[in-house]
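Notes for the one structure printed next.
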Amino acid sequence: MILLQHVGKRYPTGQEALTDVNLEIDDGEMAFLTGHSGAGKSTLLKLLAIIERPTRGQILIAGQNLSAISNRRVPYFRRRMGIIFQDHHLLHDRTVGDNVALPLVIAGVGHQEISRRVRAALDKVGLLDKERALPITLSTGEQQRVGIARAVVNKPAILLADEPTGNLDPELSLEIMMLFEAFNRVGVTVLIASHDHELIRIMDKRAIPLAGGRLAESHPAQSVPLQ
Ligand SMILES: Nc1ncnc2c1ncn2[C@@H]1O[C@H](COP(=O)(O)OP(=O)(O)OP(=O)(O)O)[C@@H](O)[C@H]1O
């Protein structure tokens, strides 16, 4: 479970990005963080990935208090999560396969195991035939899928995605969402920041609305009363 208790984040500039956020996300849940630009969505994801630290409150993931994790231990902590950004941060002088392999190389996984898991991850996102291609030769949607393959290659329990469909057309966006849903179906907790209301409506998952750094009422999709 992901648990936020009275979480606040004030950046060194004085900007208050999050104020008194209380939130619970169950294991195996898929949810959307919504809200206008500047609402605090990226900041919340960054706190969960310990890219930033909260200035108030506490965050627990699987019972572990993130404030107890020293900066030195953060890379180990991150192995249990896959992180996906809108601009997929691919290395353009490396093949697709090398890009996907990166988290495993960093984790010191053996060569044979790497190539097996890279192929499995590429297969899941439908890009097995692009293993030796350079990212630059791929479409934007395909590049985004490489980013997703890289995020899931470690078999993370949690997937965090920040506007993963931001620069994709509606059809490709839905395709990417279906991929996330497939990972969720096999038990991965998925949290996606998005301001694409139409897409969120189609996916019919819990929406967690942020406004001005505060949590508005959060409602599970299934709790909408029947008429
Ligand atoms: N590194 C930073 N330093 C100072 N202020 C920041 C920093 N990152 C974000 N902010 C500010 O914190 C607030 C929340 O930003 P955040 O990026 O979390 O919002 P967001 O909802 O993800 O927006 P978007 O949809 O545009 O990505 C904004 O006012 C932003 O300007």
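The values are calculated or read from the model by the stated rules, or taken from the named source; none is laboratory data. Note that this is a predicted model, so its numbers are computed, not measured. Neighbour counts are summed over all protein chains in view; Cβ atoms, including those assigned to glycine, are modelled from backbone coordinates with ideal geometry. With ligands, DNA and RNA removed, areas are computed over all heavy atoms of the protein, side chains included. Shrake-Rupley method; radii C 1.70, N 1.55, O 1.52, S 1.80 Å.
In the chain, the portion of solvent-accessible area held by carbon and sulfur atoms comes to 51 percent [1.4 Å probe, whole percent, DNA, RNA and ligands not counted].
FRET efficiency for the VAL105 to SER139 pair, using the beta carbon distance and R₀ = 22 Å, is estimated at 0.30.
Between segment 1-44 and segment 117-142, how far is it from one alpha carbon centroid to the other, in angstrom? Rounded to whole Å, the Cα centres lie 32 Å apart. Taking amide H atoms as placed 1.01 Å from N in the peptide plane, the amide H of GLY8 lies under 5 Å from those of ASP20, VAL21, THR55, ARG56, GLY57, each 5 or more residues away in sequence or on another chain. For the Cα atoms of the chain, what angle does the longest principal axis make with the long axis of helix 170-185, in degrees from 0 to 90, nearest 10? In the chain, helix 170-185 runs at an angle near 80 degrees to the longest axis.
Shape class for segment 1-85, computed from the alpha carbon gyration tensor (a ≥ b ≥ c): rounded, with a/c under 1.5. Where does helix 140-152 land angle-wise versus the long Cα axis of the chain, in degrees 0 to 90, nearest 10? The answer is roughly 80 degrees. Our coupling estimate for segment 52-66, obtained by passing each phi through the Karplus curve with A = 6.51, B = -1.76, C = 1.60 and θ = phi - 60°, is 10, 10, x, 9, 9, x, 9, 10, 10, 10, 6, x, 9, 7, 5 Hz, Gly and Pro reported as x.
You can think of it this way: the chain between LYS155 and SER115 has 13.0 nm of extra reach, that is 0.36 nm per residue less the Cα-Cα gap. Distances between placed amide hydrogens fall under 5 Å for LEU210 paired with THR34, GLY35, ALA216, all partners being 5 or more residues away or on another chain.
Between the helical axis of 96-106 and the longest alpha-carbon principal axis of the chain there is an angle of about 60 degrees. Taking label points 7 Å from Cα along the Cα-to-Cβ direction, ASP93 and GLU24 give a separation of 5.0 nm. DSSP finds beta bridges in the chain, and of those with both partners inside it, around 50 percent are antiparallel. Assuming charge only on the beta carbon of Lys and Arg (+1) and of Asp and Glu (-1), the dipole of the chain about its Cα centre is about 940 debye to the nearest 20.
Residues whose amide H falls under 5 Å from that of ASP162, counting only those 5 or more places apart or on a different chain, are ILE84, PHE85, GLN86, ALA193, with hydrogens built in the peptide plane. Full extension of the chain segment joining GLU181 with ASN71 gains 36.4 nm, where the gain is 0.36 nm per residue of separation less the Cα-Cα distance. The residues of the chain expose on average 51 square angstrom of accessible surface per residue, using a 1.4 Å probe on protein heavy atoms.
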